[in-house]
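First comes the structure, then the notes that go with it.
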Ligand SMILES: Nc1ncnc2c1ncn2[C@@H]1O[C@H](COP(=O)(O)OP(=O)(O)O)[C@@H](O)[C@H]1O
Ligand SMILES: [Mg+2]
């Protein structure tokens, strides 16, 4: 396919998208992503992974410090005004007018987007129906529960009939029942809108997304459908070794055979699709390393994700 043909199928393409805050806080690190038209795409990652920063750059609210992105073929650096007309966002911190009713909030946003009062009302009623807000349409927004507020926020993002909809952590802090309701409402959008949804819940990405990109510390860690990720990551064997006197030479030799060798929490972690147990033990012994304990396993997607999440949460507290 030529570049043009690829572009026609893509709603979003990021190319080395990067955001650095200050001197050394790399929030988004060289991100390359393709999101197809009509796809529900999830950016999955722990707190601080760079999800909101990515969304802000794609919505032209924040300038990248490196790379760029195209939304429906338009460059975020060159065409921010045009892009803002064809996208909309339900931000992590929902922004609704607290004293206006559900209906009034929707009509107001519709009019901000240039709709006539009549058209804004027509769309507002349709979206109130779609988001099951009928019983609350006259209630002020500040009387709504978290789940209903989220539904209002999504309806407000839909009123401009955007080609690409960004949902930043749509179910953050919701109880399980409200979360499930919201999931079914978001599912309804599949194929009708391109949706980029961020979340730090693995089950959410699993339940909603056609494809998932796992990001951690601003970097793309894994990409694929839920099934592909399970195969890719779950198929990886992991060997954990607790050893004394691990020399740089031993590490170097191990890395030659298994490039994904690292030290975490003073354990030696070796990952590969196929690990040769004896080869590792022989190599370590040959280098004079004393093995105290070791384990081998094939982790599930959950485990891998928990590991990623766990580590980053630790970082955040420090
Ligand atoms: N305006 C800012 N100034 C400095 N650092 C920021 C700013 N916004 C976000 N960050 C940092 O960038 C990283 C990514 O943040 P964010 O994109 O909000 O992550 P996520 O949405 O995945 O939780 C974090 O380390 C965060 O502290
Ligand atoms: Mg965020």
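At a glance:
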| quantity | calculated |
| --- | --- |
| Using alpha-carbon coordinates, inclination of helix 248-257 to the longest axis of the chain, degrees | 70 |
| Rg over Rh, two decimals, the stretch 31-86 (C-alpha only, Kirkwood Rh) | 0.95 |
| Length gained when the stretch residue 163-residue 25 is fully extended (0.36 nm per residue, less Cα-Cα span) | 46.5 nm |
| Residue order, fewest to most beta carbons within 10 Å, for 204, 93, 228 | 93, 228, 204 |
| Long-range tail of P(r) for the stretch 237-297 (Cα pairs > 19 Å, %) | 14 |
| Kirkwood Rh, angstrom, the stretch 135-220 [1 / mean 1/r, Cα pairs] | 13.9 |
| Evaluated over the stretch 1-69, the Cα radius of gyration and Dmax, each in Å | 12.8, 40 |
| Cβ-Cβ FRET estimate between residue 203 and residue 32, R0 fixed at 30 Å, reported to 0.05 | 0.70 |
| Label point distance in nm, residue 184-residue 276, each placed 7 Å from Cα along Cα→Cβ | 5.4 |
| Within the chain, percent of DSSP bridges classed antiparallel, to nearest 5 | 65 |
| Dimensions in Å of the stretch 98-148 - Rg and Dmax from alpha carbons | 10.5, 30 |
| Residue of 251, 156, 57 that the Gaussian network model of the chain assigns the largest fluctuation, springs spanning Cα pairs under 10 Å | 251 |
| Computed helical MRE - 222 nm, the chain, DSSP H runs ≥ 4 contributing -39500 (n - 2.57), nearest 500 | -11500 deg cm²/dmol |
| Debye log10 I(q)/I(0) for the chain, one point scatterer per Cα, at q = 0.09 Å⁻¹ | -0.55 |
| Cα centroid separation - the stretch 105-129 against the stretch 75-104, whole Å | 14 |
| Per-q log10 I(q)/I(0), the stretch 71-195, q = 0.09, 0.15, 0.21 Å⁻¹ (Debye; single scatterer per alpha-carbon; no solvent) | -0.24, -0.67, -1.26 |
| On Cα atoms only, tilt of 117-130 relative to the major axis of the chain in degrees | 50 |
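Since every read-out is calculated from the coordinates, none of them should be taken as a lab result. Worth saying up front: this structure is predicted, and the values here are computed from it rather than measured. Here the Cβ is made from the backbone with ideal geometry for all residues, glycine too, and neighbour counts use every protein chain on show.
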